[in-house]
């Protein structure tokens, strides 16, 4: 995002399909989270998959956000225009095998981003998605 140094973590399974056939899960953290949230849990899950599974990207999204474009940042645009293209290009992801999900505010963000980008994700999900308290999108 312009004017900010934001990061993301990528977990790469040990047994990847060839470039162009790889799947990706975009995982959005909830309030108070950061790009390292849940990495250990995902790594434990990969052990059960015996090295198979999608790449998983954990973007940094600010501690209080719903992952939508708002006054303090264009969070949806950052995910769609910066994070996804960089990960797809670097890791050889199949653009038809990208899913998005998250927890709490990140769950809401996953649904909101998917709603505004029809056809971009093969799946969307949210664990305990937290919708805004007021009608409409939060400011």
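The table that follows gives values for the structure above.
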quantity	calculated
Of residues in the stretch 37-50 being assigned to a loop (DSSP other than H, G, I, E, B) and at negative phi, the one modelled with the highest pLDDT	49
Which listed residue, of 13, 54, 59, is more than 25 Å from residue 128 (Cβ to Cβ), without any contact (Cβ under 8 Å) to a residue 60 or more places away in the chain and surrounded by 12 or more Cβ atoms within 10 Å (Cβ to Cβ)	13
Subset of the stretch 18-36 [within 18 Å of residue 89 (Cβ to Cβ), more than 12 Å from the chain's Cα centre (by Cα) and surrounded by 14 or more Cβ atoms within 10 Å (Cβ to Cβ)]	22, 23
Considering residues of the stretch 10-24 that are outside any loop (DSSP other than H, G, I, E, B), at pLDDT 90 or above and in contact with a helix residue (DSSP H, G or I) (Cβ under 9 Å, 6 or more places away or on another chain) only, the residue nearest to residue 98 (Cα to Cα)	24
Failed condition for residue 53, given (1) part of a loop (DSSP other than H, G, I, E, B); (2) over 12 Å from the mean Cα position of the chain (by Cα); (3) farther than 22 Å from residue 97 by Cα	(3)
Test: residue 34 is assigned to a loop (DSSP other than H, G, I, E, B) and within 18 Å of residue 132 (Cβ to Cβ)	no
Sole residue being modelled with pLDDT under 90 and touching a helix residue (DSSP H, G or I) at 6+ places or on another chain (Cβ under 7 Å), chosen from 130, 60	130
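The values are calculated or read from the model by the stated rules, or taken from the named source; none is laboratory data. In this text, all values refer to a predicted model and were calculated from it rather than measured experimentally. Note that each Cβ is placed from the backbone with ideal geometry, even for glycine, and that neighbours are counted across all protein chains shown.
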